Amino acid sequence: MVTLDLELVEKNASLNAQKGVLTRTLAIQHRTSVSASLLAMQQALWQSPIQSAGHLNRDDIFPPRLRGFAWQLLKQQSDAELVTLKAHDQSVRSVQFGRNDSVIAAISAAGLLRVLAVPSGSLLRECSQCQPNSGICFSPDGSFVFAALQGAGIAAIPVDDMDAERTLAPEIYCNGELALDDDGRTLVALTKQRDLLVIDLENGGTVVHEIEPDMKPIGIWFQDNDQHIGGVTRNGLWTTWTLDPFRQTLRFRLQNLRSDFSPLADAVFAPALTDGQGLAVRRGNNIALFVRLNPQPVPSSVNSITMLREEIESLVFAPPDSVLVVGHRHTCLRNLYGAEHDRIFHEPDTATISCAVAETGERFAVGCHDGSIRIRRIKPRSGVQQLLKPIDNNSEHELGAPIRSAVSLKRRLIVVGFRTGWVAMVDTTSAETVSRFRVAKTGITSLVLGSDESWLVCGTGKNNDAGLIVYSTQQIADTRSPDVGLTRAAPEPVASVSLASVRRLRLSDDGRHLFAGLLSGEIAVVDTETWTVNGRWQGHEHGIYALDARGALLVSGGSDGWVRCWNTDTRKLVCEWEAHSLRISDLKLHPNAPRVYTASFDETTAIWSLDGRLLSRLNGHSAAVRSLDISADGETLATGGDDYTLRLWDAVTGDAQLILRQLPTSFATFSSTQGG
């Protein structure tokens, strides 16, 4: 009986062990699946943002417990639809942004123009009897909106006050094509006979210039810094004119480039593509043609833009290098140079008719058959927030390349050190630079903020510098220069520590000690109350470029590629192993698991147990990996390198999750405590 009981106990233990292995295996598989889905979703986000947003919310693809920082970032990026405004009871035939994208104007099929606030949708102004398909122009300050009337003339409608609208050129019938110069001084329109109406908005003067029968345009615009008026005829003749005096300056048949350039139904102009100017025209039901113009300007190439199985309703340029094409149910954002995949926006519940792109290039709007306006983000949010704005090129000081950063435990301050010896302090709540000043003539090699954010330590790299320089953060804020709002001269240090060629600094958990890795391979311990060195020992044969500490454990990484673990109480070596073939540039301890993460110039990142067992080696960077960090919840690993990418990984499995392309990354850090 006893033997049988023992057999049952052993069998039960074996089954439990197998169950544990199976549970861990399934958990790893789930994490790997989520990581693969995140990578796939990042690509799909460009092509179908609305559908991607729906997939991100599916529990079977992304279980809530595995929705870490990378998922949150994609969720933010997938916020394509900003707002839907109910503008009219009838279809929206024309739409246009105005005044820093904070207002939008729309004309209904009945000719009612309404100006709405964005994003609230509150009605600011309305005007009846406008042409349904009229172009809409806002004055540069946004105080007036212009539209062609169904009768004679053009309405000039005040946006901010309730003054009655004025009618410009009240005796002239227009066909709805309008253009306003950048200064808001000259408004041009096409008459019913497609001659050129010019209105001087400063003095009220009006003149009509007759255009030869074979040159009458279907669309007009200002180009060449408002020096010329441009237009294209239905038969594909592109012409430009000057206004004072009025004369033709260019006449070019687009059929010389391509024989199928007529008849045309619509034309829009792009004054500022990356490599010049461009012209987009609509031909037939579902084909648009894009013409790239060289500086002469003579057209240099033609590309086709096709909407399969849908009639093209409208098109407009989206800066810097894309065109927005609106079909009956879909809107396509196409990069004109093929640098990005098409993005498709689907409207399942209504037909789309008209479109507009905000002046900032960040949003677009489509006018719909149900009277609504759908406003969406043109590109997914990058997830990269620019905290430091570059200094004006005319400034006597240049920050140069950022090479080190530090984030306070409260996550309120970020300090960035530059190769030129400058330091900049950023408030994360406002993303504003609090101050900047020069610490040394050589680069900043390491930075540490005190636990209570009361002091900042800067490490410098040359023997003739002090080594460690300590500043009061309050004094930094108090010495801001009133004329420029930023510190120019460095404040007086509160202390300095003589250490030659500091390479990396790390603060102990209790904030009482600061560990310094030196170029000589030594590790120095600095007391943060007295700012004196109270111990040092040889840690590596050569330079120490990575340090992290937790409790009594200190981990160091050197230029020799080795990792060493130390007991900070006894300063004895606990264990060591060769982790990389080249310099270890950064390392971090996991916040709540016995793991350490290392980054190296050998283009890899690795995950290790604390006894030196390799758990995973992460390949993906194509150049040196400069920095890494782990989110506060321990779920996400971020790495940055010289290949212009910031990469996110599953911190448990090492699976790749997202790739953010921005700049050569000298440092990577999470700036909040909620998982990233």
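The values are calculated or read from the model by the stated rules, or taken from the named source; none is laboratory data. Bear in mind the structure is a predicted one, so any value in this text is a computation, not a measurement. So basically every Cβ, Gly included, is an ideal-geometry build from the backbone, and we count neighbours across all protein chains shown. What goes into the accessible areas is simple: the full protein's heavy atoms, side chains included, and nothing from ligands, DNA or RNA. Shrake-Rupley method; radii C 1.70, N 1.55, O 1.52, S 1.80 Å.
Couple of notes before you dig in:
- On the beta carbon distance between Arg185 and Asn256, with R0 = 35 Å, the FRET formula returns roughly 0.50.
- Charge dipole (debye, nearest 20) of the chain; +1 at Cβ of Lys and Arg, -1 at Cβ of Asp and Glu: 1400
- Å² of accessible area per residue within region 509-570, as computed with a 1.4 Å probe and no ligands counted: 37
- Near Leu553, the amide H atoms lying under 5 Å from its own belong to Thr568; only residues 5 or more places off or on other chains count, and H is placed 1.01 Å from N.
- Solvent-accessible surface of region 584-638, averaged per residue with a 1.4 angstrom probe and all protein chains in place: 32 square angstrom.
- Pairwise centroid distance, computed over Cα atoms, of region 608-660 with region 70-134, Å: 43
- For mean projected area of the Cα convex hull in nm², the value calculated from this model appears in (1) 27.0; (2) 40.0; (3) 35.9 under label (2).
- As a calculated quantity, the FRET efficiency between Asp244 and Thr350 at R0 = 45 Å, using C-beta atoms, amounts to about 0.50.
- Farthest toward positive dipole pole in the chain [+1 Lys/Arg, -1 Asp/Glu at C-beta], among Phe144, Gln29, Val198: Gln29
- Computed label-point distance, nm, for sites Asn225 and His330 using a 7 Å Cα→Cβ extension: 4.1
- Dipole magnitude (debye, nearest 20) for region 122-173, charges at Cβ of Lys, Arg, Asp, Glu: 180
- Difference of contour (0.36 nm per residue) and Cα-Cα distance, Ile28 to Asn534: 177.7 nm
- Once backbone amide H atoms are built at 1.01 Å from N, Leu413 has Ser408, Thr428 as its partners under 5 Å, excluding neighbours fewer than 5 places away on the same chain.
- Note on Asp89 and Asp342: their simple-model spin labels are 3.8 nm apart, each label 7 Å out from Cα toward Cβ.
- Length gained when the stretch Lys441-Asp611 is fully extended (0.36 nm per residue, less Cα-Cα span): 57.1 nm
- Qualifying trypsin sites (Lys or Arg not before Pro) in region 148-213, DSSP loop, other Cβ atoms within 10 Å at most 14: Lys192
- Helical runs (DSSP H, four residues minimum) scored at -39500 (n - 2.57) apiece and divided by the length of the chain put the mean residue ellipticity at 222 nm at -3500 deg cm²/dmol.
- The largest accessible area among Ser314, Ser496 belongs to the first residue in Ser496, Ser314, and the rest follow in falling order (1.4 Å probe, all chains).
- Region 200-254, relative contact order in percent, only Cα pairs under 8 angstrom and at least six apart counted: 22
- For the chain, carbon and sulfur atoms together expose 49% of the accessible surface, with a 1.4 angstrom probe and every protein chain in place.
- Nitroxide proxy distance, nm - points 7 Å out along Cα→Cβ at Thr167 and Ile659: 6.1
- Residues whose placed amide H lies under 5 Å from that of Ala495, excluding near-sequence neighbours: Val470
- Volume per residue of the C-alpha convex hull in region 475-624, rounded to whole Å³: 152
- With R₀ set to 25 Å, the beta-carbon distance separating Arg571 from Lys410 gives a calculated FRET efficiency near 0.25.
- Span-rule helices in the chain, defined as complete DSSP H runs reaching 24 Å or more along the axis (Cα) with Kyte mean at least 0.0: 2-47
- Among the GluC sites (Glu not before Pro) in region 142-183, those located in a DSSP loop and surrounded by at most 11 other Cβ atoms within 10 Å of their own Cβ are Glu171.
- Multiplying the residue separation of Asn592 and Glu541 by 0.36 nm and removing their Cα-Cα distance gives an extension gain of 15.3 nm.
- Heavy atoms of Arg258: accessible area, 1.4 Å probe, square angstrom to 10: 70
- Within region 528-619, the trypsin sites (Lys or Arg not before Pro) that combine a DSSP coil assignment with at most 16 other C-beta atoms in a 10 angstrom radius are Arg571, Arg613.
- Taking the Cα centre of region 211-274 as origin and assigning +1 to Lys and Arg Cβ atoms and -1 to Asp and Glu Cβ atoms, the resulting dipole is close to 200 debye.
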